[in-house]
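Here is the structure we will look at, set down as C-alpha cells.
The values are calculated or read from the model by the stated rules, or taken from the named source; none is laboratory data. As the structure is a prediction and not an experimental result, all values here were calculated from the model. We place every Cβ from the backbone using ideal geometry, glycine too, and count neighbours over all the protein chains shown.
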Amino acid sequence: MALRAEEISSIIQQEIQNFGQPVRTVNVGSVVEVGDGIARVHGLSGVMASELVEFEFETAEGRGTVMGMALNLEEESVGVVVLGPYTEIEEGDTVRTTGRIIEVPVGDALLGRVVNGLGQPIDGKGDLPANTGTRAIERIAPGVVFRQNVDTPVQTGIKAIDAMIPIGRGQRELIIGDRQTGKSTIAIDTIINQKGQNMMCIYVAIGQKSSQIAQTVNTLERYGAMEHTIVVAASAADPAALQYLEQLIGS
C-alpha cells in the first residue's frame, strides 16, 4: 500500500499539535568528590538551599539513581547530603536539580503504610497514589494565636498515667527513661488505644533495629491500629542523612 506525501505531512502536523510535553529547565552538575554520605558537586549554579537533587550513576545491574539534599551553597561547589546508598557514586557522575525543596507526601493515602524519611513506601505494598499531596519539611510553624486550643484529652489506656497526667491533642509530652524501661511500650499502647477515636497517629522509629521495627508494625497490625497509623522508619542500617530527616519529621 503506497502512502501519499499529503497523508504523511498531515500525520506529522497532527502529532506536533498534540505534543504536550512540558518544557522543564534543570541545572546539571557533576560530582567532584564523595565520602561519608556527603558529595561535593560542581555546576549547580541555580540550586536552592534544601533542594532535592538527583544523582545518576552506573552499577553492574545498569543505571541507578539516588536523591540528595543541597546543604552547603558555596561559590565554586555545593555540598549535598546523599539520602541513600552512596558507595556507587563516583567522581564525574551527573547530578540534576529537581526544583523541589525537600518535602514528604501527606494525606490519608499514607495511613497503614510504612515509609522512609523521604515518604517512600518500604512495606512492599506498592507505590502511593499519584495524586498524593506533599508538604515541605522545613516550614514556619503557625503562631500561638493561630493554633487551635488544646481542649480534647488523649487517653493512653494506662490508668495510672490517665489519672495523674493530663494529655491533650496537640500537646507535646516527654517520655524519658533508661533503655528497656518501657518507653516505646507506652507509645505503642497509646496508639492502639486510639482505635475508633478519629485520631491519626505517626510512629517515627529512628536508629532502631529492622527486626524491632518489623515487630512493632506486626503488633500494630495485630491489634488493628495500622488503620489509623503511619510508621516512618529509618533503621540503624540506613544512612545518617535519612535518620536526620526523620528527626526533623518527628520534631
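Those residues that are assigned to a strand (DSSP E or B) and either farther than 25 Å from residue 135 by Cβ or modelled with pLDDT under 90 (or both), I need them from the range 48-65; list them, please. Correct list: 56, 57, 58, 59, 62, 63, 64, 65. If you check 151, 108 for being among the charged types (D, E, K, R) and modelled with pLDDT of 90 or more, only one passes: 108.
Can you tell me which residues in the range 72-118 are outside any strand (DSSP E or B), of a type in the set (A, V, I, L, M, F, W, C) and more than 15 Å from the chain's Cα centre (by Cα)? Correct list: 89 only. Selection of the range 197-213 for residues being touching a His at 6+ places or on another chain (Cβ under 9 Å) and at positive phi yields only 198.
Run residue 37 past the list (1) in contact with a helix residue (DSSP H, G or I) (Cβ under 8 Å, 6 or more places away or on another chain); (2) modelled with pLDDT of 90 or more; (3) not aliphatic (A, V, I, L, M) and report the number of the one that doesn't hold. All conditions are met except number (2).
Considering the conditions (1) of a type outside the set (Asp, Glu); (2) surrounded by 14 or more Cβ atoms within 10 Å (Cβ to Cβ); (3) outside any helix (DSSP H, G or I), residue 175 is excluded by exactly one of them, (2). Filtering the range 203-238 to residues that are in a loop (DSSP other than H, G, I, E, B) and in contact (Cβ under 8 Å) with a residue 60 or more places away in the chain leaves only 238.
Checked against the criterion of being without any contact (Cβ under 8 Å) to a residue 40 or more places away in the chain and assigned to a loop (DSSP other than H, G, I, E, B), the range 183-194 contains not a single residue that satisfies it.
Taken as a whole, the structure places residue 68 among residues that are touching a helix residue (DSSP H, G or I) at 6+ places or on another chain (Cβ under 9 Å) and modelled with pLDDT of 90 or more.
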